[in-house]
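A short write-up of the structure that comes next.
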Amino acid sequence: MIAAADLLAVAGLGKSYGRRRVLDGVSFSVRPGEVLGLVGPNGAGKTTLFGCLAGILPADSGRVADGAGRTLPPPGRRDLLFYLPDGILPWPEQRLDRLLVHWGSLWGVASEREPSLESLVERLDLQHLRSSPAGSLSKGERKRFLLALALLTPQPLLLLDEPFDGLDLRQTRDVAALLKEVAAGGRTLFLSIHQLVDAGRVCDRIVMLSDGRVAGEGTLDALRERAGLVEGSLEEVFLALT
C-alpha cells in the first residue's frame, strides 16, 4: 500500500545470485524530507538493495513506485534519485577544484542554490585540498569529496552508501549536521549505515535489514514497540528484532 505522503514505495523486491537469496520480499517506504537509515550487518543486502533501487542491478522481482503509485522502471528513476556508492573514485588524476566546478556545471548548479559549491567546500573541510588530485586523497578526504559531489546533484532523493565511513568523530558529527540541514531544506536522504550509533544520531526513521528481509521499519520508538521494549538503544532494538 502506498501512502499519499510517500516519495517512493518499494514492494516485494527480490534479488538472487544463483541459489543465494540476497533480497527476499523487501518492502518499505521513503517519505519526503526525511533522513531514512538502512541498517544491518555485513552481508544483509544493503548495497544490493541500493543497487537495485538505482537500477544498477536488475531486481528479480518486486516493484518500485512513486508517490502517485506509478511503477518506476530503472530509467524512470533518474530524475527522482541519485546514488552514491561506497568506495568509488571518479577521475583520480584530476584536481578537486576542477572536478567540483565541472560536476556542478553538469547539473546546472546555480550560485544561489543551497548548499552552494563554496558552502560545501567549507562545510566538508575541502579548502586545503582544492589543488590536490583526487587520487592522492586519504580515505576520509575522499569520502568528504564524494559527499560534496552527491550534494551538488539536483534529484530530490539521495542514496548514500556508508556516508560516515573513514571519518573521525568530529567529521562524523559535522557531516551528520550537514545532512540534517539538507533534509530540513526539503531533500530526502536514504543512508546505508553500518554503525548503529551513527544511524540513531542522524536518522528520522530506520529500515532494519537482516538476511535480505526487512526486520523492522519506523522511528526508534515504533521499533521499540515492535520489539516489545519499553526503552533501549537502537543496538538493543536491532538485536531484539533480528
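Every read-out reported here was derived from the displayed coordinates using simple, explicitly stated rules and does not represent laboratory data. Since we're looking at a predicted model, the values are computed, not measured. Cβ coordinates were reconstructed from backbone atoms using ideal geometry, including for glycine residues, and neighbour counts include every protein chain displayed.
When ranked by the protection proxy of mean other Cβ atoms within 10 Å per residue, highest first, what sequence do the peptides 126-133, 14-21, 208-215 form?
With the highest mean Cβ count within 10 Å placed first, the list reads 208-215, 126-133, 14-21.
May I ask you to derive the relative contact order of the chain, considering only C-alpha pairs under 8 Å and at least 6 residues apart, and to give it as an integer percent?
Taking the mean separation of contacting Cα pairs over the length of the chain, I get 27 percent.
Within 10 Å of each candidate Cβ there may be at most 15 other Cβ atoms; applying that plus a DSSP loop requirement, which GluC sites (Glu not before Pro) in region 92-181 survive?
Passing both the DSSP loop test and the Cβ count: E93, E112.
Using the Cα atoms of region 89-154, I'd like the radius of gyration and the largest Cα-Cα distance, Dmax, both in angstrom.
Answer for region 89-154, Rg first and Dmax second: 10.8, 31 Å.
Taking H as built 1.01 Å from N, whose amide H comes closer than 5 Å to the amide H of A59, not counting residues under 5 places away?
none
With each run of n ≥ 4 DSSP H residues scored as -39500 (n - 2.57), what mean residue ellipticity at 222 nm is computed for the chain after dividing by its residue count and rounding to the nearest 500 deg cm²/dmol?
Dividing the helical sum by the residues of the chain leaves -9500 deg cm²/dmol.
Could you tell me the relative contact order of region 89-154? Use alpha-carbon pairs under 8 Å, at least six residues apart, and round to a whole percent.
52
Compute the distance from the alpha-carbon center of region 207-225 to that of region 59-122, in whole Å.
27
Excluding K180 itself, what net charge comes from residues whose Cβ is under 10 Å from its Cβ, given Lys and Arg +1 and Asp and Glu -1?
Residues close to K180 contribute a combined charge of -1.
Straight-line reach from K46: which aspartates and glutamates have a Cα under 19 Å away, not including same-chain ones fewer than 8 places off?
Partners within reach: D24, E34, D60, D86, D161, E162, D165, D198, D204, D211, E217, E235.
So if R0 is 25 Å, what FRET efficiency would L89 and R130 give, r being the distance between their Cβ atoms, rounded to the nearest 0.05?
Computed FRET efficiency for L89 and R130 comes out at 0.90.
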